[in-house]
Every structure is written in structure tokens, then in C-alpha cells.
Ligand code: NI
């Protein structure tokens, strides 16, 4: 396992549409996923997408701390390949987000409140569930990285954009 370098906004890899993972390469992806998990823990984030470590493949790692979970139970570290997200209603909510590729910065981003998630697990099994709130937000943020999008692209206004240590309301935003 190794801590990888997290690339920052401006690096063209963050603007690429990442390619899907094939079932044959799942063993290789498991090696990359281990390094991404170590990198995520080192950076004290909650989510990391492969393009953020310079690999334009559709894989992300994340977890939901119990304190941020609507059920109070949290979600353990999870690795998803080729995720596909479907909004379950038109309802959106705005909240501050941070990104490990935009260190120190934050901004208010609208996201769908409830989504369905379907993905390929490293075991080759299919992952399918419905999530809401912060969990849904993290997955939408990470999935955007796979399409070359950053949270700033989703902001309705740059009025809430700034350095997280200058914005009191943003102190709770999680780095993804
Ligand atoms: Ni991010």
C-alpha cells in the first residue's frame, strides 16, 4: 500500500471522462483501490475518485461517518467501479462541499437528495442500493470526478465560494 499524490484542479486528468473498468482488470483495480484508501485516510477525506490520483478509470472509494449518516449507522469504506446514479426524485438540497483536489476551498452545491446507486464491486458482484442526504451527496461528488466535473461546475453562484477557514458555516463540510 502507498499514499498516492492527489492531483489538483488544473491538471487535465481531472477534466477527462474516465473509462469504465472491465471485469478482467478487477485484480489490478484492487491494488489501486488499496492505495486510494490509504491516500484517503492520510488526507482525512471521506471520498476519493481514481482521477484524483491521476488514473482516468471509473472507480471511487468512500465512507460515511456515523455522525453524518441519516440512519446514524454510517457506511464502511466501500469501493465502487462503474457507478451509475439515478435521482429518485427531483428534490435537491444545497450544502457546502470541499474537494481534496481544491484544497482549502469550499462552496455550496445543489445535489439530489435521494439517489439509486448501481455499481460493480471488486468481488465482481453487483452493488445496488438507495441512499439519501450526505451519503447521496458524497456519491454524486465522486461520480462527477469520473465525468471530468468538479463541484464548482455545479454551483448555482460563486457567492458562497471561498476558503473554508474563512467561512464559518462551512466548518463541517467534508473533503471529497
Ligand atoms: Ni472531490
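Just so you know, all these numbers are worked out from the coordinates, no wet-lab data involved. Just so it is clear, the model here is predicted, and its values are computed rather than measured. Every residue, glycine as well, gets a Cβ built from its backbone with ideal geometry; the counts of neighbours run over all protein chains shown.
When residue 38 is tested against (1) away from the ligand (no atom under 16 Å from the Cβ); (2) in contact (Cβ under 8 Å) with a residue 24 or more places away in the chain; (3) touching a strand residue (DSSP E or B) at 6+ places or on another chain (Cβ under 8 Å), exactly one condition is not met: (3). Taking the criterion of being closer than 18 Å to residue 65 by Cα, part of a helix (DSSP H, G or I) and touching a residue at least 60 places away in the same chain (Cβ under 8 Å), the residues of segment 111-159 that qualify are 133, 134, 135, 138, 139, 141, 142. When residue 88 is tested against the conditions (1) surrounded by fewer than 22 Cβ atoms within 10 Å (Cβ to Cβ); (2) in contact with a helix residue (DSSP H, G or I) (Cβ under 6 Å, 6 or more places away or on another chain); (3) under 13 Å from residue 132 (Cβ atoms), the lone failure is (2). In this structure, is residue 107 within 13 Å of the ligand (Cβ to nearest atom), part of a strand (DSSP E or B) and within 17 Å of the chain's Cα centre (by Cα)? For residue 107, the condition - within 13 Å of the ligand (Cβ to nearest atom), part of a strand (DSSP E or B) and within 17 Å of the chain's Cα centre (by Cα) - is met.
Of the strands (runs of 3 or more DSSP E) lying entirely inside segment 43-104, those carrying at least 2 residues that are more than 16 Å from the ligand (Cβ to nearest atom) are 75-87, 92-97.
Checking 45, 74, 104, 10 one by one, the residue that is without any contact (Cβ under 8 Å) to a residue 24 or more places away in the chain and in contact with a strand residue (DSSP E or B) (Cβ under 6 Å, 6 or more places away or on another chain) is 74 and no other. Residue selection: residue 146 satisfies the criterion of being touching a strand residue (DSSP E or B) at 6+ places or on another chain (Cβ under 7 Å) and within 13 Å of the ligand (Cβ to nearest atom).
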